[in-house]
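The values are calculated or read from the model by the stated rules, or taken from the named source; none is laboratory data. Just so you know, these numbers come straight off a predicted model, no measurement behind them. Here the Cβ is made from the backbone with ideal geometry for all residues, glycine too, and neighbour counts use every protein chain on show. We work out accessible area using only protein heavy atoms, side chains counted, and drop any ligands, DNA or RNA first. Shrake-Rupley method; radii C 1.70, N 1.55, O 1.52, S 1.80 Å.
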Amino acid sequence: LAYVGGSGRQSELVLYERDGRASTLPAPPNEYHSPRFSPDGSRIAVTIVALSPRASDGSLGDTWVWTLGERSFQRITFDTATLSAQWSPDGRRLVYAHGSLAGGAL
């Protein structure tokens, strides 16, 4: 299980093992949302919120992928208008919500 721990604008990515042990990933504190494991369990897709005019309320950001073995991030989107990525069943692609805050909805 991967979840976002913390409060406010700074949070951490935390893994829970089946036996209940928790470990915080060595990713820098940030505003993380909607972590999703790849089907093979080697990567986590997560939205990182960037405060900008397009995301002034902090609800939209970019999709990044954390690779567990390499302990590093790779940025996937660059438009600060994505939220909630989901892996394809084979783990080769990501699908994500894309939109703007105009009118209050994606």
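What the table shows:
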item: Inter-residue pairs, beta-carbon under 6 Å, first farther than 22 Å from Gly91 by Cβ and among the acidic types (Asp, Glu) and in region 51-79, second modelled with pLDDT under 90 and exposed (fewer than 11 other Cβ atoms within 10 Å of the Cβ), 6+ apart; result: none
item: Residue check, Ser7 crowded, with 16+ Cβ neighbours inside 10 Å, modelled with pLDDT under 90 and small (Gly, Ala, Ser); result: no
item: Of residues in region 63-106 being outside any loop (DSSP other than H, G, I, E, B), at pLDDT below 90 and not aliphatic (A, V, I, L, M), the one least open to solvent (accessible area, probe 1.4 Å); result: Thr82
item: Long-range neighbours under 7 Å by Cβ, at least six apart or interchain, first residue at positive phi within region 82-95, second open to solvent by 40 Å² or more (accessible area, probe 1.4 Å) and in a loop (DSSP other than H, G, I, E, B); result: Gly91/Pro39; Gly91/Asp40
item: When residues of region 25-46 are limited to those that are at pLDDT below 90 and not in a loop (DSSP other than H, G, I, E, B), the one surrounded by the most Cβ atoms within 10 Å (Cβ to Cβ); result: Tyr32
